[in-house]
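Structure first, commentary second.
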Amino acid sequence: MLFRSQEFNSKTSAWTPNTVQATAENIENAKKWVNSLTAGGMTALYSGVFNSVQRPLDSNRANLAFIISDGYPTVGIKRWSDIQASILDANSIKNNQGEEIGQKWAIFNFGIGNGAPMFELSKLSTWNMGVGRQVFDDADVHAQLTEFFNEYSIPLVWNNQFHYSGASEFDCSGTNLYADQELTCIGKLPPYNK
């Protein structure tokens, strides 16, 4: 497994410019870096998410971005509709005609606190192949974050592209499948003739 850690306060900065192997030493060093951070009260949410979806893709692994925040964008782009539309565009894979043919990263938002704007965070995640989850003020953040990460960090199916011969108006409930979830596909089939 590879990982990269980034903060998005009034500005964005990363522990390391590139992804690194999840060795015991790298995880320990990343924890030290996280523990050295101080809260400054600002949240460059758009920049943090944008930086995440601009990372190079790994064709051998699922590309997942876990965003942990109180969810209130206070620096840079602040309007939710602008953030959601811009991230969706930046996270899209387009063909030669400029049409979207897929997405690069699955975005998972983890909203900290009772007041986290989960409708907006969940919308940002859903539009980008992920989900949002909230942890309330009196909850064990570490335990819930660990559970959330364990549930979504290893997809069982990634970027599925089902094609059924003869089916029209075909659609699936998603392109990725995680443990204890279902993937449903529906469409119209031609009449059955004996």
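The values are calculated or read from the model by the stated rules, or taken from the named source; none is laboratory data. Owing to the predicted nature of the structure, the values given are computational and were not obtained by experimental measurement. Using ideal geometry, Cβ is built from the backbone for each residue, glycine included, and neighbour counts are taken over all protein chains shown. Calculation scope for accessible area: heavy atoms of the full protein, side chains included, ligands and nucleic acids excluded. Shrake-Rupley method; radii C 1.70, N 1.55, O 1.52, S 1.80 Å.
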What are the residues whose amide H is under 5 Å from the amide H of GLY71, where those residues sit 5 or more places off or on another chain and H is modelled from the backbone?
-> ILE112
Mind putting a number on the dipole of the chain about its Cα centre? Charges go on the C-beta only, +1 for Lys and Arg and -1 for Asp and Glu, and I need it in Debye to the nearest 20.
-> 500 debye
How large is the accessible surface per residue of the chain, computed with a 1.4 Å probe and reported in Å² as a whole number?
-> 61 Å²
In the chain the DSSP beta bridges are antiparallel at a rate, in percent to nearest 5, of 55 percent
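From the P(r) of region 82-194, could you give the percentage of C-alpha pairs in the tail past 19 Å?
Cα-Cα pairs in region 82-194 separated by more than 19 Å: 59 percent.
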Given H placed 1.01 Å from N in the peptide plane, which residues other than close sequence neighbours of GLY130 have an amide H under 5 Å from its amide H?
-> ILE107
How big is the charge dipole of region 1-110 about its Cα centre, in debye rounded to the nearest 20, if each Lys and Arg gets +1 on its Cβ and each Asp and Glu gets -1 on its Cβ?
-> 140 debye
Do the sum for the chain: with -39,500 (n - 2.57) for every DSSP H run of n ≥ 4, divided by all residues, what is the mean residue ellipticity at 222 nm, to the nearest 500 deg cm²/dmol?
-> -8500 deg cm²/dmol
HN-Hα couplings for region 34-39 via Karplus (6.51, -1.76, 1.60; θ = phi - 60°), in whole Hz with x for Gly/Pro, come out as 4, 5, 7, 6, 10, 6
Assign one of three labels to region 12-67, namely rounded, prolate or oblate, based on the Cα gyration tensor with a ≥ b ≥ c the square roots of its eigenvalues; rounded applies when a/c is under 1.5, prolate when it is not and a/b is larger than b/c, and oblate otherwise.
-> oblate
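Can you pull the percent of the chain's accessible area that's carbon plus sulfur, 1.4 Å probe, other chains left in place?
Within the chain, the accessible surface is 52 percent carbon and sulfur.
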Would you mind putting 73-82, 44-53, 22-31, 109-118 in packing order, based on average other-beta-carbon counts within 10 Å, highest first?
-> 44-53, 109-118, 73-82, 22-31
So for the chain, taking the charge dipole from beta-carbon charges (+1 Lys/Arg, -1 Asp/Glu), which of ALA44, GLN97, LEU177 sits furthest toward the positive end?
-> GLN97
Once amide hydrogens are built 1.01 Å from N within the peptide plane, the residues lying 5 or more places from ASN63 or on another chain with amide H under 5 Å from its amide H are ALA106
Phi-based couplings in Hz for region 64-70 (Karplus 6.51, -1.76, 1.60; Gly and Pro marked x) = 10, 10, 9, 10, 10, 6, 6
In terms of the Cα gyration tensor, with a ≥ b ≥ c the square roots of its eigenvalues, is region 96-162 rounded because a/c is under 1.5, prolate because a/b exceeds b/c, or oblate?
-> oblate
Among GLY166, GLY115, GLN54, whose Cα lies farthest out toward the positive end of the dipole of region 28-176, if unit charges sit on the beta carbon of Lys, Arg (+1) and Asp, Glu (-1)?
-> GLN54
Consider just the alpha-carbon atoms of the chain and return their Rg together with their Dmax, both in angstrom.
-> 18.6, 71
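Determine the alpha carbon to alpha carbon distance for each of LYS32/LYS104; LYS11/LYS31; LYS78/LYS104; LYS11/LYS32; LYS32/LYS123 and list only those over 25 Å.
LYS32/LYS104; LYS32/LYS123
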Once you have a ≥ b ≥ c as the square roots of the Cα gyration tensor eigenvalues for region 1-107, tell me rounded if a/c is under 1.5, and otherwise prolate or oblate according to whether a/b is larger than b/c.
-> oblate
